[in-house]
C-alpha cells in the first residue's frame with residue numbers, strides 16, 4: 001500500500017499492578033508519554049479512538065465517558081471500540097481508517113485495561129451465547145488449553161515435545177522482557193523451570209500463561225501531510241487485515257484457523273509480503289499462552305503446518321534469529337487486555353522507527369503486529385514499514 | 001487511496017416494542033440484516049465490511065459482537081464493534097468506505113432492553129465508582145437536573161416541554177415501527193406520573209426492544225445499487241466533559257462541536273433554511289428544545305418558541321422527529337442508527353404516512369452519556 005497513514009509516536013504506562021493511580025490517571029500516563037514523544041499537544045489531535053475489553057472488567061459501563069478526562073478529549077471526536085481480545089488491534093485499525101478517510105490528519109489511539117480491580121476470568125467466562133456456550137465456558141485458559149490439545153492431536157505431535165518448545169518460548173519472552181522498561185513480568189528462567197511449574201489448566205502451566213496487568217497504551221497515527229513533520233522516520237502502515245469466524249467451538253477448526261489465515265493473507269497481500277520469513281524483520285505476535293506462538297509460526301507462514309516446534313528449537317524467532325518474535329516479551333509478560341493489541345502495534349512501530357531501546361532489532365524495516373480475540377474468533381494484523 | 005463519496009442505499013428496522021419475547025439479540029440482528037440486504041437487492045457476499053454497535057452491559061454479555069457477528073453475515077468479514085450509539089458505528093462505516101478500501105458496509109445496532117436491568121441501574125454503572133456512582137447519579141437524574149436548569153434559566157414551563165411529547169408521540173401514530181404512540185394533549189402529559197421530577201412518564205423515553213441496519217456504498221457502487229441513493233454530506237461527533245458538576249448543562253460543547261464539524265463538511269451555514277427534515281435524539285422531551293438550540297436551528301432558550309410557532313411540526317418548514325423520535329422508541333444503542341434510517345427513508349420518499357414534503361436535505365443526531373455527553377451529527381442529502 002502507498003504511504004498514506006503512519007504511526008509517528010507511542011506511549012506506554014509502566015504495566016503491572018497499579019493501585020497508585022485511578023483508571024483515567026493510568027490512561028493519562030500513556031497519553032502524556034505519546035504526546036511528549038511526538039511534541040504534540042491535545043490541541044493538535046483531531047480525533048480519539050479509545051478501547052478496552054468489556055466494561056465489566058473494571059465494573060464500569062461505557063468507560064470512555066469517564067476516561068475522557070484522563071485523555072483530555074474534551075470537545076473532540078471520541079469513538080469507543082471493543083472487540084474482545086483483539087480490541088487493541090481494532091482500536092489501531094479504527095485510528096488507521098480515521099486517517100485513511102481523509103477527514104482527520106492526527107488521530108490518537110488509546111487502549112487500556114485495569115484488571116487488578118476486578119476478576120478477569122470471572123468476566124471472560126460470561127462471554128458467548130447465554131444458552132449454548134456460557135453454561136460450560138470456563139474462561140480463557142481452559143478455552144485455549146483446548147486449542148493446544150487439539151493442536152497436538154491434529155498433527156500427531158508428542159505432548160512432551162510441544163511442551164518443551166513452548167517452554168523455550170516462555171524462556172525467550174520472559175528474558176526479553178528484562179530489556180523492556182514497560183513490561184510487567186520479567187524473569188530469567190530455564191526450560192526446566194517452566195516444565196516444572198504448576199499446572200493451571202492441563203497442559204498449560206504457570207509460566208505458559210500471561211499475567212493480568214493494569215496498563216494503557218497510546219499511539220499517534222498521522223496522515224502523509226503531517227507525518228514527516230512529527231517524526232523523522234515514521235512507521236508507515238503497509239497492510240491491514242481483520243477477520244472473524246464461528247463462535248461455536250464445535251463448528252470450527254481451531255488449529256488450522258480460517259479467521260487467522262484470512263486476516264494474515266489480507267495484510268500480506270496489501271503489504272506485498274510474499275515470503276514472510278524473508279520480508280519481515282520482526283513480529284509482535286499475540287501470545288497470551290506459549291503454545292499459541294507455535295501456532296502463529298505456522299499460520300503466518302514462517303514454517304509448514306505442524307512444524308512450529310522446529311522454529312522454536314532452531315532459534316529463528318529469538319532476538320538474534322532471522323525473524324525475532326516478540327522481542328518486547330509479548331503479551332506473555334504484559335497483558336492489559338484492551339491495550340495489548342495496541343502495544344503490539346506500538347512495539348512494531350518502535351522497531352521500525354528505531355525507538356525500541358534495549359530490545360531494538362538492528363535495521364528493522366518491516367514489522368508485523370497481531371492480535372486475537374473472541375471465542376477463538378477474531379484476528380487482526382497490521383504491517384508497518386519504512 | 002482515493003476518497004470516495006458515500007451513500008446510504010438500504011436500511012431496515014424491527015417493529016420496536018416494550019418486549020420482543022420470541023427473538024434473541026442475534027435473531028433481531030439477523031432480521032434487520034436480511035431485510036436491509038433485501039431492501040437493496042444485495043446478498044451478504046456483496047458486503048465488504050461490517051460495523052456493529054451494541055453495549056455489553058445492555059446485552060448482559062461480555063464482548064457482545066462475539067454472539068451477533070455471524071447473524072449479521074460477518075463470517076470472515078472485516079468486522080469491528082463500536083461500543084456506543086449506532087450513529088457512531090455509521091460514522092465508522094462511512095470512514096472505512098471513504099478510505100477506498102471498501103465499496104460497501106453494513107451497520108447493525110440492537111438492544112433488547114426488556115432483558116436488561118432498568119435504565120437507572122445500568123446508567124448508574126456508567127458513572128465512575130468514586131464520586132458520581134455513590135451519590136446515585138444516573139441518566140434520568142442527570143436529565144431531571146438539566147430540565148430544572150433549563151426552566152430556571154430560560155423561564156420555560158412544564159407545558160413548553162410537554163408540547164414536545166404531544167408532537168412526537170402524535171407523529172409516532174404514523175410510524176408502523178414505533179413503540180409508544182398516542183394522540184395526547186399537554187394536560188395529559190403534565191399529569192402523567194413523575195419519574196424524576198420534573199420529568200414525567202410521557203416526557204421521558206421508554207425502553208424498547210429493537211434493532212436497525214443500514215447499508216452504505218461508495219459513489220459508483222451506490223448508483224448501480226439504487227436509483228435513490230442518499231448521500232452523506234457531512235459528519236461530526238464530539239464529547240463533553242465527564243463530571244456533571246464540571247459542565248454547563250445549558251451549553252453542550254459536544255453537540256456544538258459535532259454540529260460545527262458536520263455543517264462545515266456539508267457546507268451548511270443556515271441550518272434552519274437549508275435543512276428539510278431532522279431526526280433528533282430526545283430521550284427526554286426538554287432535550288429536543290435544547291438540542292435544536294445547540295444545532296443552531298434557533299437561538300439560546302428559543303427552542304420552545306420554535307415549536308410553538310409550528311416550525312418543527314409535521315407541517316412546519318423543518319419537521320423534527322416525524323418518526324416520533326426517541327420519546328416513542330428507544331432500543332437504547334440502536335436509537336441513533338434509527339434516526340439515520342428514518343431520515344434516509346424521508347429523502348428516498350419511502351416514509352409512508354410520516355413522509356414530509358420535498359425533503360432534499362436531512363439531519364440526524366444521536367446522543368449518549370449523562371446529560372448528553374457525546375453527540376453525533378450526520379447530514380444527508382439527495
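Just so you know, all these numbers are worked out from the coordinates, no wet-lab data involved. No experiment lies behind these values; they were computed from the predicted model shown. FYI the Cβ positions are ideal-geometry reconstructions off the backbone, even for glycines, and counts take in every protein chain you see.
With a ≥ b ≥ c the root eigenvalues of the C-alpha gyration tensor of region B:54-108, is it rounded (a/c under 1.5), prolate (a/b larger than b/c) or oblate?
On the way: a/c = 2.92, a/b = 1.55, b/c = 1.88.
In terms of gyration-tensor shape, oblate.
Mind giving me the FRET efficiency for residue A:3 and residue B:149? R0 is 56 Å, r the Cβ-Cβ distance, nearest 0.05 is fine.
For R0 = 56 Å, the calculated efficiency reads 0.65.
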| query | Among B:212, B:40, B:364, which one shows the biggest mean-square fluctuation in a GNM of chain B, springs joining Cα atoms closer than 10 Å? | reply | B:40
| message | Please report the equivalent ellipsoid semi-axes of region B:21-88, computed as sqrt(5 x eigenvalue) of the Cα gyration tensor, largest first, in whole Å. | response | 20, 14, 11
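What percentage of all Cα-Cα pairs in region A:1-72 are separated by more than 14 Å?
Working: 1700 of 2556 pairs.
Everything past 14 Å amounts to 67 percent.
Send over the Kirkwood Rh of region A:76-141, from the inverse of the averaged 1/r over different Cα pairs, rounded to one decimal Å.
Values: mean 1/r = 0.0703 Å⁻¹.
For region A:76-141, the Kirkwood estimate is 14.2 Å.
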| Once region B:116-261 is represented by equal point scatterers at the alpha-carbon sites, with solvent omitted, what log10 I(q)/I(0) does the Debye formula produce at q = 0.10 Å⁻¹? | -0.53
| Ranked from highest to lowest mean number of other Cβ atoms within 10 Å per residue, what is the order of the peptides B:263-269, A:299-305, B:286-292, B:157-163? | B:286-292, B:157-163, A:299-305, B:263-269
| field | Residue exposure sequence - A:42, A:1, A:53 - by fewest surrounding Cβ within 10 Å | value | A:42, A:1, A:53
| task | Project the alpha carbons of region A:274-370 onto their principal axes and report the range along each, largest first, in whole Å. | result | 33, 29, 22
| field | Highest-MSF residue in chain B out of B:100, B:48, B:369 [GNM, Cα springs under 10 Å] | value | B:100
| field | For A:65-74, mean number of other protein chain Cβ atoms within 10 Å | value | 6
| request: Let me know the Kirkwood hydrodynamic radius for the protein assembly as shown, please, with Cα pairs as the basis and the value in Å to one decimal. | output: 26.0 Å
| field | Debye intensity ratio in log₁₀ form over the Cα atoms of region B:341-382, taken at each q of 0.21 Å⁻¹ | value | -0.66
| note | Subtracting the Cα-Cα distance of residue B:173 and residue B:269 from 0.36 nm times their residue separation yields 31.2 nm
| Could you give the alpha-carbon Rg of region A:33-108 over 2.2 N^0.38 Å, rounded to two decimals? | 1.11
| query | For the pair residue B:251 and residue A:117, what calculated FRET efficiency results from E = 1/(1 + (r/R0)^6), where r is the Cβ-Cβ distance and R0 = 22 Å, to the nearest 0.05? | reply | 0.05
| query | Per residue, what volume in Å³ does the convex hull of the Cα atoms of region B:32-189 enclose? | reply | 178 Å³
| Computed over region A:65-175: relative contact order in percent, which uses C-alpha pairs under 8 Å that are six or more apart | 10 percent
| query | Over the protein assembly as shown, what is the percentage of antiparallel beta bridges among all DSSP beta bridges, to the nearest 5? | reply | 75 percent
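Over the residues of region B:191-237, compute the C-alpha Rg and express it relative to 2.2 N^0.38 Å. If you can, show how the numbers build up before the last one.
Values: Rg = 19.7 Å, N = 47, 2.2 N^0.38 = 9.5 Å.
Taking N as the residue count of region B:191-237, the ratio is 2.07.
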| message | Explain nothing, just the number: relative contact order of chain A, from Cα pairs under 8 Å at least 6 residues apart, as a whole percent. | response | 26 percent
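Based on a Kirkwood Rh over C-alpha pairs, give the Stokes-Einstein translational diffusion coefficient of region A:39-171 at 20 °C and viscosity 1.002 mPa s in µm²/s. Intermediate values should be presented prior to the final figure.
Working: Rh = 17.7 Å.
Using the Kirkwood radius from Cα pairs, D works out to 121 µm²/s.
Under the √(5λ) rule applied to the eigenvalues of the Cα gyration tensor, what semi-axes describe the equivalent ellipsoid of region B:193-269? Give them in Å, descending.
Values: eigenvalues 235, 98, 23 Å².
The equivalent ellipsoid of region B:193-269 has semi-axes of 34, 22, 11 Å.
Place the peptides A:315-322, A:93-100 in order of packing, highest mean first, counting for every residue the other Cβ atoms within 10 Å and averaging per peptide. Don't skip to the answer; put the middle values down first.
On the way: A:315-322: 16.2, A:93-100: 28.0.
Per-residue mean Cβ counts within 10 Å order the peptides as A:93-100, A:315-322.
Let me confirm one metric for peptide B:254-262, namely the mean number of other chain beta-carbon atoms within 10 Å of its residues' beta-carbons.
Working: counts 6, 0, 1, 4, 2, 0, 0, 5, 0.
Per residue, the number of nearby Cβ atoms from other chains is 2 on average.
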| request: Sort all Cα-Cα distances of region B:244-314 into consecutive 5 angstrom bins from zero, then give the percent of pairs in each bin up to the one containing the longest distance. | output: 3, 15, 27, 28, 16, 8, 2, 0
| said: If you consider only alpha-carbon coordinates, what radius of gyration and Dmax does region B:1-120 have, in Å? | reply: 14.4, 46
| All Cα pairs of chain B, percent lying beyond 30 Å | 32 percent
| Thinking of region B:252-382 as a set of Cα atoms, what percent of all their pairs are more than 20 Å apart? | 36 percent
| said: Could you tell me the center-to-center distance, by alpha carbons, between region B:294-340 and region B:120-175 in angstrom? | reply: 15 Å
| remark: Here, residue A:198 and residue A:150, labelled 7 Å along Cα→Cβ, have an inter-label distance in nm of 2.9 nm
| If you count, for each residue, the other Cβ atoms within 10 Å and average over each peptide, how do A:188-195, B:30-37, B:308-315 line up from highest to lowest? | B:30-37, B:308-315, A:188-195
| task | Using the Kirkwood radius over Cα pairs, work out the Stokes-Einstein diffusion coefficient for region B:14-54 at 10 °C and 1.306 mPa s, in µm²/s as a whole number. | result | 136 µm²/s
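Note down the Stokes-Einstein diffusion coefficient of region A:222-327 in µm²/s, whole number, using a Kirkwood radius over alpha carbon pairs, 20 °C, and 1.002 mPa s. All intermediate terms of the calculation are to be shown ahead of the outcome.
On the way: Rh = 15.4 Å.
My calculation gives 139 µm²/s for D.
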| task | Would you mind giving the mean number of other chain beta-carbons within 10 Å of the Cβ of each residue in B:81-93, as a whole number? | result | 5
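Express in nm, to one decimal, how much length is gained between residue A:133 and residue A:158 on full extension, taking 0.36 nm for each residue of separation and deducting their alpha carbon distance. Let's see the in-between values first.
On the way: separation 25, 0.36 × 25 = 9.00 nm, distance 2.98 nm.
Once the chain is fully extended between residue A:133 and residue A:158, it gains 6.0 nm.
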| Principal axes of region A:139-221: Cα extent on each, largest first, Å | 44, 28, 23
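Would you work out the relative contact order for region B:139-256, in percent, from Cα pairs under 8 angstrom that are 6 or more residues apart?
Numbers: 90 pairs, mean separation 26.1, N = 118.
Worked out over region B:139-256, it gives 22 percent.
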| Given the options A:139, A:374, A:102, which has the most mean-square fluctuation in a GNM of chain A, springs set between C-alpha atoms less than 10 angstrom apart? | A:102
| Over region B:107-186, with a single point scatterer placed on each C-alpha, what log10 of the ratio I(q)/I(0) does the Debye formula yield at q = 0.11 1/Å? | -0.48
| message | How large is the Kirkwood hydrodynamic radius of region B:273-350, counting all unique pairs of alpha carbons, in Å? | response | 12.7 Å
| field | Relative pair counts by distance (%), Cα atoms of chain A, 20 Å bins | value | 32, 60, 8
